[in-house]
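Participant: I'd like to ask some things about the structure below.
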Amino acid sequence: MRRSPADSIVRAIPTDSRWAFDSVMYTRRLVISSLLGLLGTAALPGQGEAAGKSSPPLPGRKPAPKAVPRLPPRPPAIVILDPGHGGRDPGAIGVTGTEEKDVTLSICQGIRQMLADHPDIRVFLTRDRDSYIPLPSRVAFAHEKNADLFISIHADAAPNRAARGLSAYTRADKATDDFARHLADRENRVDAVYGFDAGATDKQTAAILIDLARRHGHNASLAAKRRIVTGVGHRVQLLDNPMRAANFAVLRSPALPSVLIETGFLSNPQDEKILRSPKSRAALARYLADQIAPVAVDLREA
Ligand code: ZN
């Protein structure tokens, strides 16, 4: 089959975008009118093949490529990483003096680095240095960024020194157990001691939020917790019964899928040894990043 010069030009242009399609149509019109001009024939706008779908294709020619409707590019999923404590609030202090605020910042920075080149994810940290950020401000920051997922990273002191391993917490009015309630009580006291009370702001926030969003947020939080713990569980030591719930102030954003991860307990000497090692922190950051990425992308698509 013979092809016209117009056809070869058209075939050379990728047709998988609307932009390309427009340029194809433009090029076809341009080439055909030039050819007709050379032959001494007037090219009428909207006539022949240049008119596109309104005219049947000429015999021996392929019909003009159809424009593939293209969805607008999807914005990336926004992940907020919240390094627990900071500034005048050191968090837990390990048996050899490791401060929780340093562990949490280092792990969050590690996760951000792992996800830096991910095309579908943008990561923000609630703090990027050793500064004190009240709990409600951390949640407000997530709202400001229109977050899809909020992950708070901690390495607290457990109620008993023997407790060790990673665990994850979602929000519940009633804690799943005393262990989780103790952790939440301790975390929530931080603002009473070092800053201002999270309770008052929470009442206002709760009053304006809708039930549906709350349910969605809660279910998504549970799913995220399950997936992250199951995923990292192949790589790191887990606390017995690693999926728990308690009334953490930093998780009280009903519509936003939120999980608090205790990467380990500084009250346990073995955990502290792991958490103070830069190499172990980097590994932990990588395992967490591997799990957080698909969770975040799915939430964006929800
Ligand atoms: Zn903590």
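Participant: So Ile93 passes all but one of these: (1) away from the ligand (no atom under 13 Å from the Cβ); (2) surrounded by fewer than 19 Cβ atoms within 10 Å (Cβ to Cβ). Which condition number does it fail?
Facilitator: (1)
Participant: Residue under question is Thr263, and the condition is that it be at pLDDT 90 or above, under 24 Å from Ala296 (Cβ atoms), surrounded by 22 or more Cβ atoms within 10 Å (Cβ to Cβ) and polar (S, T, N, Q); does it hold?
Facilitator: Against the criterion (at pLDDT 90 or above, under 24 Å from Ala296 (Cβ atoms), surrounded by 22 or more Cβ atoms within 10 Å (Cβ to Cβ) and polar (S, T, N, Q)), Thr263 qualifies.
Participant: Within the stretch 111-126, is even one residue within 16 Å of the ligand (Cβ to nearest atom) and modelled with pLDDT of 95 or more?
Facilitator: For the stretch 111-126, residues within 16 Å of the ligand (Cβ to nearest atom) and modelled with pLDDT of 95 or more: present.
Participant: I'd like to verify a number: residues in the stretch 275-297 that are in a helix (DSSP H, G or I), in contact with a helix residue (DSSP H, G or I) (Cβ under 8 Å, 6 or more places away or on another chain) and either without any contact (Cβ under 8 Å) to a residue 60 or more places away in the chain or of a type outside the set (Gly, Ala, Ser) (or both), how many?
Facilitator: The total comes to 13.
Participant: In the stretch 143-176, how many residues are part of a loop (DSSP other than H, G, I, E, B), out of contact with any Gly (no Cβ under 8 Å at 6 or more places or on another chain) and within 16 Å of the ligand (Cβ to nearest atom)?
Facilitator: Counting residues in the stretch 143-176 that are part of a loop (DSSP other than H, G, I, E, B), out of contact with any Gly (no Cβ under 8 Å at 6 or more places or on another chain) and within 16 Å of the ligand (Cβ to nearest atom) gives 5.
Participant: Then there's this: Examine the stretch 168-175 for a residue that is of a type outside the set (Asp, Glu), farther than 28 Å from Ala293 by Cβ and in contact with a helix residue (DSSP H, G or I) (Cβ under 8 Å, 6 or more places away or on another chain), and state whether such a residue exists.
Facilitator: Yes, that holds for at least one residue.
Participant: Taking the stretch 94-117 as the search range and keeping residues that are of a type in the set (S, T, N, Q) and under 22 Å from the mean Cα position of the chain (by Cα), which one is nearest to His154 (Cα to Cα)?
Facilitator: Thr104
Participant: Within the stretch 167-177, can one find any residue that is among the aliphatic types (A, V, I, L, M), crowded, with 22+ Cβ neighbours inside 10 Å and modelled with pLDDT of 90 or more?
Facilitator: Taking every residue of the stretch 167-177 in turn, at least one turns out to be among the aliphatic types (A, V, I, L, M), crowded, with 22+ Cβ neighbours inside 10 Å and modelled with pLDDT of 90 or more.
Participant: In the stretch 108-142, what residues are within 22 Å of Ala220 (Cα to Cα), in contact with a helix residue (DSSP H, G or I) (Cβ under 9 Å, 6 or more places away or on another chain) and not in a loop (DSSP other than H, G, I, E, B)?
Facilitator: Scanning the stretch 108-142 gives Cys108, Ile111, Arg112, Ile121, Val123, Phe124, Leu125, Leu135, Pro136, Arg138, Val139, Ala140.
Participant: Now for a different question. For Asp16, indicate whether it is surrounded by fewer than 17 Cβ atoms within 10 Å (Cβ to Cβ), within 21 Å of Tyr287 (Cβ to Cβ) and either modelled with pLDDT of 65 or more or out of contact with any strand residue (DSSP E or B) (no Cβ under 6 Å at 6 or more places or on another chain) (or both).
Facilitator: no
Participant: Of everything in the stretch 233-248, what is surrounded by fewer than 24 Cβ atoms within 10 Å (Cβ to Cβ) and hydrophobic (A, V, I, L, M, F, W, C)? Give them in sequence order.
Facilitator: Val236, Leu238, Leu239, Met243, listed by residue number.
The values are calculated or read from the model by the stated rules, or taken from the named source; none is laboratory data. For clarity, every value in this text was computed on a predicted model and none was experimentally measured. Here Cβ is always computed from backbone atoms with ideal geometry, including for glycine, and neighbour counts include all displayed protein chains.
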